[in-house]
Amino acid sequence: MKELEKTYDHSKVEQKIYQKWLDSGYFNPDMLPNAKDREPFTIALPPPNVTGVLHMGHAFEDTIQDVIIRYQRMRGRRALWLPGTDHAAIATQAKFEKELYKKEKKSRHDFSREEFFRMIQKFALSNQQGILSQLHKLGLSMDWSRLAFTLDKQREKAVRTAFKKMYEAGLIYRGKRMVNWDPKAQTTVSDDEIEYVEQKDLFYHFKYGPFDIATVRPETKFGDKYVVMHPKDKRYKKYKHGQKIELEWINGPITATIIKDEAADMEFGSGAMTITPAHSAIDFEIAQRHGLDIDRVIDDRGVLLPIAGEFAGIHIKKARLEIVEKLRKKGLVTKIEENYVHNVATNMRGGGIIEPQIKLQWFIDVNKKFTLKNSKISGIPAGEKTTLKDVMRKTVESGQIKIMPERFEKIYFHWIDNLRDWCISRQIVYGHRIPVWYRGDEIHCDINSPKGEGWLQDTDTLDTWFSSGLWTFSTLGWPDETADLKTYHPTSVMIPGYEILFFWVARMILMSGFLLGDIPFRQVVLHGMVRDKLGRKFSKSLDNGVDPLDMTAKYGTDALRMALIFGSGPGNDVAFDEQRVKGMKHFANKLWNISRYVMTNTENAPVGAGFSRPQYDDGRASAAPTTDADKNILDKLDSVIKSVTNNLENYRLHEAAQEIYQFTWHEFADVYIEASKNQLKDEKLFEQTLYTLHFTLLTILKLLHPFMPFVTEEIWSKLGQKDLLLIVEWPK
RNA sequence: GGACGCGUAGCUCAGUUGGUUAGAGCGUUCGAUUCACAUUCGAAAGGUCACAGGUUCGAAUCCUGUCGCGUCCACCA
């Protein structure tokens, strides 16, 4: 028996233990003992963005997954946890461009496309290295041999194959539509990447012929030649739909047309509004309903077009005040309200304020009918017509995919109901380039460029979520029919934050449904966000960020893991409190000293590592001399095993963790170990007591291992156990 | 405007289908120390489970309403 230090020093243990695990090869499920006989269990890691470093949210998310995968491995599953990173297209390019400008005062225009792509890819891959080393330090049991990246060769093949199949099914089309244009990043963004930010502005009222119209954006008003009011608005009864009126406007007299449309809100302002169809989704719809002209006023850079007359060529930001000034001189400004609060659409991936524009873009049609040749989706038989929306809905509705907590299912359905076609093209270079080539009027979509002269590839790249949507199967080798794909797909459980339910979870269901006719995962367990102890988001401006690696250095990885799991309900946000991590470091030390006690006492015992359980194997009642304390602790142990197992099966990790903690400290240490001190002095009770101490400790180590892998593995080896605790059978 | 969540000890939070004196971590107070652990042990203080009704033999838990906080969706010219 080896001596144990008086205190547990994580810094001496963690790296050594992690190396032991790596050397064992058991992170790769195919290397597990009797791998072929094991039932597969798969988790695909939500790939962290290569934009930066890991934060506490990652530590939380990855700990949850590690607990589950370790538990399943011990339960005898062929447990695969597949790691990877996400190229995060627009976010990464935006970040790179920012740094490039800061460091070298250069922009994307200073480089060729190919050169610029290579620079960003290099930046991304160097970030990736940092992230991978952080993942190692968190003790995560991922299968590094299968590491994937959303923008590597194999994933490119998957992306192009997926695009081609959807294109051929007519689900991907190119069309001129109103999109969210970010003039700063010079690209479109999808509806889901818009974040509305409250902002205070001046609210201008103008005299528009006989009408009072209001706006915060006078610079869009040049093209306004339609005035819209509700058909039932009594104030405007005398005006007829289609009626023309002459009036004085910014650059002289114009002819305006009266439009009666129910989109006009009678309660708001004067009830009359002018519309700018080329730069507003709502206005665009109104214009389409009535067949109105759609005149572009602002270009891609936010500069006014010739329609603005003397203001043409001026940036909208600058033009606003000048326009108001001109209107004021003409006596057309009736009122200016200050501090008008309204929402502005912004690009949440580090871009600017969204300017709706009509552009030629690529879309995924979510309502178009198609036929699934092979379908494992319940509610959609093979050969039957369906839509992508239907796939997303039916898989969850039927319970084939379960979402936990359940309340998110409602939110998910609501999102599907309001879903519009997904704009997948981006005008940036960092991403998967659209696999479509043009030559004159010819168009060619394929995995590789077409043969022959004069073909030019589409310059757009794909929305990053397009490649993320393939993640569960592109990581397993799809489109090739690999053994991995057959063995490990559909994956067992997906564990993302609730904030990417739409971006990602829904898109994976869509992609897997169409391309494989199957679900990507059986279960979704959503977790909340990690906030600071006051419940605020971690943010740069508040400077309240906590680096997970600082915590692991200070208190140990086990302590951080346990602290994150301990006080968190499913789907709820977690308030991060350093004090709790400290408390869990104490717990690790407590366990360490419990082990010291058991070891020093079993040192001279006739029983060694091969402790048997003679008294309890069958017929507990008739067993050898046993005290109430023994019965009590072993009964409780049995019930803890059952309960912890049940809670882990149902992804109630926090409850499982609390039960083990409670049992270890306040039952085993506080009660039984105290009682054992007297029992060990009694010859008749000696062996029984040793047995109970030893058996209980070993079982605790097994139960606790998924949560606190390092300290448990270390003690396990000090106890002289041969196998790694990592793959020891889960207690029953 | 629509939907959802939360409000439990000083602080941060658990509390699975309603069931005995409501729990944890940290903090506070008092006491203990050669015997596994001061990163410890024992004890204590501290909660009308936001509020008001209702269902029930019984409600922190279910229902209705009120107040406060938060999130998501839609978006107003």
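Here is how the numbers come out for the structure above:
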read-out	value
Selection from region A:243-291 of residues that are within 15 Å of RNA strand B (Cβ to nearest atom), free of Cβ contacts under 8 Å to residues at least 40 places away in the same chain and of a type in the set (S, T, N, Q)	A:Gln288
Which listed residue is within 28 Å of A:Arg38 (Cα to Cα), at pLDDT below 95, within 14 Å of RNA strand B (Cβ to nearest atom) and surrounded by 18 or more Cβ atoms within 10 Å (Cβ to Cβ), from A:Val581, A:Val525	A:Val525
Some residue of region A:687-699 being more than 23 Å from A:Asp723 (Cα to Cα) and open to solvent by less than 50 Å² (accessible area, probe 1.4 Å)	yes
Test: residue in region A:699-710 that is more than 13 Å from RNA strand B (Cβ to nearest atom), touching a residue at least 24 places away in the same chain (Cβ under 8 Å) and of a type in the set (Val, Ile, Thr)	yes
Failed item in (1) touching an Asp or Glu at 6+ places or on another chain (Cβ under 9 Å); (2) open to solvent by 10 Å² or more (accessible area, probe 1.4 Å); (3) at pLDDT 95 or above, with A:Trp81 passing the rest	(2)
Single condition A:Gln288 does not satisfy, out of (1) within 44 Å of the chain's Cα centre (by Cα); (2) surrounded by 13 or more Cβ atoms within 10 Å (Cβ to Cβ)	(2)
Leading residue by the ranking (farthest from the chain's Cα centre (by Cα)) among those in region A:243-285 that are on the phi > 0 side of the Ramachandran plot and open to solvent by less than 20 Å² (accessible area, probe 1.4 Å)	A:Gly252
Top-ranked residue of region A:4-30 - restricted to ones that are in a helix (DSSP H, G or I) and out of contact with any helix residue (DSSP H, G or I) (no Cβ under 8 Å at 6 or more places or on another chain), ranked as least open to solvent (accessible area, probe 1.4 Å)	A:Asp30
Some residue of region A:153-170 being polar (S, T, N, Q) and touching a Cys at 6+ places or on another chain (Cβ under 8 Å)	no
Evaluation of A:Thr371 against (1) open to solvent by 50 Å² or more (accessible area, probe 1.4 Å); (2) of a type in the set (Ser, Thr, Tyr); (3) touching a helix residue (DSSP H, G or I) at 6+ places or on another chain (Cβ under 6 Å) (one fails), failing number	(3)
Among (1) at pLDDT 90 or above; (2) out of contact with any His (no Cβ under 8 Å at 6 or more places or on another chain); (3) over 30 Å from A:Ala91 (Cα atoms), the one test that A:Ile316 misses	(3)
Looking only at region A:550-571, and only at residues there that are of a type in the set (A, V, I, L, M) and out of contact with any Lys or Arg (no Cβ under 6 Å at 6 or more places or on another chain), the one that is surrounded by the fewest Cβ atoms within 10 Å (Cβ to Cβ)	A:Ala553
Qualifying residue in region A:4-20 (condition: over 30 Å from A:Ser126 (Cβ atoms) and either away from RNA strand B (no atom under 16 Å from the Cβ) or in contact with a strand residue (DSSP E or B) (Cβ under 6 Å, 6 or more places away or on another chain) (or both))	no
Residues of region A:428-446 that turn out to be under 28 Å from the mean Cα position of the chain (by Cα) and either open to solvent by less than 40 Å² (accessible area, probe 1.4 Å) or acidic (Asp, Glu) (or both), as a count	7
Residue among A:Arg73, A:Arg118 that is part of a helix (DSSP H, G or I), surrounded by fewer than 21 Cβ atoms within 10 Å (Cβ to Cβ) and among the charged types (D, E, K, R)	A:Arg118
Strands (runs of 3 or more DSSP E) contained in region A:142-239 and holding at least 2 residues under 23 Å from the mean Cα position of the chain (by Cα)	A:172-182, A:187-189, A:194-208
Residue match in region A:215-226 (condition: in contact with a Gly (Cβ under 8 Å, 6 or more places away or on another chain), at pLDDT below 90 and away from RNA strand B (no atom under 11 Å from the Cβ))	yes
Qualifying residue in region A:611-633 (condition: farther than 22 Å from A:Glu729 by Cα, touching a Lys or Arg at 6+ places or on another chain (Cβ under 9 Å) and modelled with pLDDT of 90 or more)	no
Residues (in a helix (DSSP H, G or I), within 19 Å of A:Phe149 (Cβ to Cβ) and over 22 Å from the mean Cα position of the chain (by Cα)) located in region A:447-495	A:Asp484, A:Leu485
Where A:Ala382 falls short, out of the listed (1) closer than 23 Å to A:Arg433 by Cα; (2) surrounded by 12 or more Cβ atoms within 10 Å (Cβ to Cβ); (3) of a type in the set (A, V, I, L, M)	(1)
Test: residue in region A:261-272 that is among the hydroxyl-bearing types (Ser, Thr, Tyr), part of a strand (DSSP E or B) and touching a strand residue (DSSP E or B) at 6+ places or on another chain (Cβ under 6 Å)	no
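The values are calculated or read from the model by the stated rules, or taken from the named source; none is laboratory data. This one's a predicted model, so the numbers in the text were calculated from it and none came from an experiment. Here the Cβ is made from the backbone with ideal geometry for all residues, glycine too, and neighbour counts use every protein chain on show. Areas reflect the complete protein model, heavy atoms only, side chains present, ligands, DNA and RNA absent. Shrake-Rupley method; radii C 1.70, N 1.55, O 1.52, S 1.80 Å.
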